[in-house]
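Written below as structure tokens is the structure these notes are about.
The values are calculated or read from the model by the stated rules, or taken from the named source; none is laboratory data. Keep in mind that this is a model prediction, so the values were computed, not measured. Glycine gets a Cβ as well: all are built from the backbone with ideal geometry, and neighbour counts include every protein chain shown. Each accessible area value is taken on the protein alone, full model and side chains, heavy atoms only, with ligands, DNA and RNA left out. Shrake-Rupley method; radii C 1.70, N 1.55, O 1.52, S 1.80 Å.
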Amino acid sequence: QVQFVESGGGLVQPGGSLTLSCAASLSVFSLRTMAWYRQAPGKQRDLVATISTRSTITYADSVKGRFTISRDNAKKSVYLLMNSLLPEETAVYYCNAYPSSSNWWGQGTQVTVSS
């Protein structure tokens, strides 16, 4: 059974930084493009960033220049460094493969940006 466990969320002031981590139980992790997603209250889940098996990276326009996605295949982990956070980026952040699998969503980690 595939499982993703996200961590690193919390309360941060506007302009602050957080680093999220995702540990995967996926046996073929190194062969999958991975991604971070987020879902704000009352809104749909949106794609934030992707990283391919060869570390080709894409970002949503809204986070370019502020967020950095990375992966460690040996640790089966994906990371998201978030700088200059905005209040509207308050959301639950999830990792999953890209394209996502509906069976692989974890609990996510809550990020709250507020003063």
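Starting at the first residue of region 61-73, write each ³J(HN,Hα) from the Karplus equation 6.51 cos²θ - 1.76 cosθ + 1.60 with θ = phi - 60°, in whole Hz, x for Gly and Pro.
For region 61-73, the Karplus curve yields 4, 5, 10, 4, x, 10, 10, 9, 9, 8, 9, 10, 5 Hz.
Assign unit charges at the C-beta atoms only (+1 for Lys and Arg, -1 for Asp and Glu), then state the dipole size of the chain relative to its Cα centre in Debye, rounded to the nearest 20.
Working: 10 positive and 6 negative charges, 59 e Å.
Using Cβ point charges on Lys, Arg, Asp and Glu, the chain gives about 280 debye.
For the pair L81/N103, report the inter-label distance in nm, with labels modelled 7 Å from Cα in the Cβ direction.
Each label point lies 7 Å from its Cα, and together they span 3.6 nm.
Considering only protein heavy atoms and a probe of 1.4 Å, how much of the accessible area of the chain is carbon and sulfur, as a whole percent?
47 percent
Restricting the count to DSSP beta bridges whose residues both fall in the chain, what percent are antiparallel, rounded to a multiple of 5?
The antiparallel proportion sits near 90 percent.
Can you work out the accessible area per residue across the chain, with the rest of the protein chains kept in place, probe 1.4 Å, in square angstrom?
Accessible area per residue, the chain: 53 Å².
What spacing in nm lies between the two simple spin-label points modelled at R45 and T58, each 7 Å away from Cα in the Cβ direction?
Each label point lies 7 Å from its Cα, and together they span 1.7 nm.
Can you tell me the alpha carbon radius of gyration of region 32-114 divided by the globular rule-of-thumb value 2.2 N^0.38 Å? Write down the numbers at each step before the final one.
Working: Rg = 12.3 Å, N = 83, 2.2 N^0.38 = 11.8 Å.
Cα Rg divided by the expected 2.2 N^0.38 Å: 1.04.
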